[in-house]
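I have placed the structure first, in the form of structure tokens, so that the comments after it can refer back to it.
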Amino acid sequence: MANLYPHKLVNIISLDVLQDKLAEMFRRHGVSGYTIIRVRGEGGSGEVAGTLDFEANIMVKVIVPEEKLQRLLDGLQRQIDKGYHLTIFVSDVEVISPEKFSTPFK
């Protein structure tokens, strides 16, 4: 049976124009990688259909060891404080290869 190791999954919903800014922040915080998915939906700020590139939302998924979580969340909070709209939620996950999530990407 494979061993499982606890990590955190950070989900971030934002406008796709923030993609490069988020990727740079991940690099600075030693994140090992991320996945981006185009999303659409409706919430407190209305419906985002994503039919036009400038109005599209993305969901960014990042898995980090718990010791990197707070620093990453602090960086995301700074973006919110600058006025960027981000929806962030964190979940507990277990991974099979913890070393994959410890080495920063380039």
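Here are some notes:
- As a proxy for reagent exposure, Ile37, Ile63 were ordered by neighbouring Cβ count within 10 angstrom, fewest first; the result is Ile37, Ile63.
- Rounded to the nearest 500, the helix-only mean residue ellipticity at 222 nm of the chain stands at -8000 deg cm²/dmol, with each DSSP H run of n ≥ 4 adding -39,500 (n - 2.57).
- Top positive-direction residue, dipole computed over the range 5-94 with Cβ charges, set Ile88, Ser32, Leu76: Ser32
- 0 to 90° range, to nearest 10: angle between helix 66-81 axis and the chain longest Cα axis: 20
- Counting lysine pairs in the range 5-94 whose alpha carbons fall under 15 angstrom apart, excluding pairs fewer than 8 residues apart on the same chain, gives 4.
- Nearest-20 debye value, the chain charge dipole, Cβ charges on Lys, Arg, Asp, Glu: 340
- Crossing angle, helix 19-28 versus the chain [Cα axis fit, 0-90 degrees, rounded to tens]: 30
Each value in this text was obtained by applying a stated rule to the coordinates, not by laboratory testing. Everything numeric in this text was worked out from a predicted model, so none of it was measured. As a convention, Cβ positions derive from the backbone with ideal geometry for all residues, glycine included, and neighbour counts pool all protein chains shown.
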